[in-house]
Amino acid sequence: MLDPNSLPPASLDRMVRAVGKVRERLLRTAALLEAANIPYALIGGNAVAAWVSRVDEGAVRFNKDVDILVHRKDFPSVKEAMASAGFFEREGRFLDSPDDKIRTAVRVSVTTDDSISNAVVSPDGRFKHLDLPDLVRRELDGNRPVNGMNLRDLADVELIDSTWPARFPGELGLRLQAILDNPEG
């Protein structure tokens, strides 16, 4: 265990740098996929943050990693593009350097559905993210605590509400209803 007394002092600059590194990694990944003509969409916490920021910047949650979705057939091209841009692959994720922690990686998920074709371009045109219904479905499919937190963030800014569970069949609708019924997690 680390000794709290041996740590450097808290620094706003270090915190801002951490957020900046994620932003840079996200934009670099989006730019290289665009340049390689590889269809993609940002997913996960950063896609949720993109939607939440449209309603309330103060409700945006910081995310350490970057999650993207690509078509399964494009994954070999993604690996090649990421390597050519200087990313290092480890455990199926892409890191800025071989010494980086896996929690700061670009994680690539693959799909065979058409959700990428519905991707929304960010207002500044610098990246694409899933449209809201597809993003909610992916978060429900994930069924992890972080997915529930992401869905609560969307509900907190009223992007999803009590009418949404009916949009999803069976277990997914029930899962969303349970999340909405328990906003504190």
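Each row is one residue, and each column tells you yes or no for (1) farther than 12 Å from Ala47 by Cβ; (2) at pLDDT below 95.
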{"residue": "Asp124", "(1), (2)": "yes, yes"}
{"residue": "Lys128", "(1), (2)": "no, no"}
{"residue": "Asp131", "(1), (2)": "no, no"}
{"residue": "Asp134", "(1), (2)": "no, no"}
{"residue": "Asp141", "(1), (2)": "yes, no"}
{"residue": "Gly148", "(1), (2)": "yes, no"}
{"residue": "Arg152", "(1), (2)": "yes, no"}
{"residue": "Asp156", "(1), (2)": "yes, no"}
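For segment 121-133, a residue qualifies if it is open to solvent by 30 Å² or more (accessible area, probe 1.4 Å) and either over 16 Å from Leu26 (Cα atoms) or within 14 Å of the chain's Cα centre (by Cα) (or both), and the qualifying residues are Phe127, Lys128, Asp131, Pro133. Screening segment 137-185 for residues that are of a type in the set (Val, Ile, Thr) and surrounded by 11 or more Cβ atoms within 10 Å (Cβ to Cβ) and picking the one that is farthest from Asp113 (Cα to Cα) gives Val157. For the residues Ala119, Ala178, Ala166, the requirement of being aliphatic (A, V, I, L, M) and in contact with a His (Cβ under 8 Å, 6 or more places away or on another chain) singles out Ala119.
If only one of Val60, Val108, Val78, Val70 is open to solvent by 30 Å² or more (accessible area, probe 1.4 Å), of a type in the set (Val, Ile, Thr) and at pLDDT 95 or above, which one is it?
Val60
Keeping to segment 1-57, report how many residues are under 15 Å from the mean Cα position of the chain (by Cα), surrounded by fewer than 16 Cβ atoms within 10 Å (Cβ to Cβ) and in contact (Cβ under 8 Å) with a residue 60 or more places away in the chain. Number of matching residues: 2.
The values are calculated or read from the model by the stated rules, or taken from the named source; none is laboratory data. Quick caveat: nothing in here was measured; it's all calculated off a predicted structure. Ideal geometry is used to build each Cβ from the backbone, glycine not excepted, and the neighbour counts take in all protein chains shown. All accessible areas refer to the heavy atoms of the entire protein, side chains included, with ligands and DNA or RNA removed. Shrake-Rupley method; radii C 1.70, N 1.55, O 1.52, S 1.80 Å.
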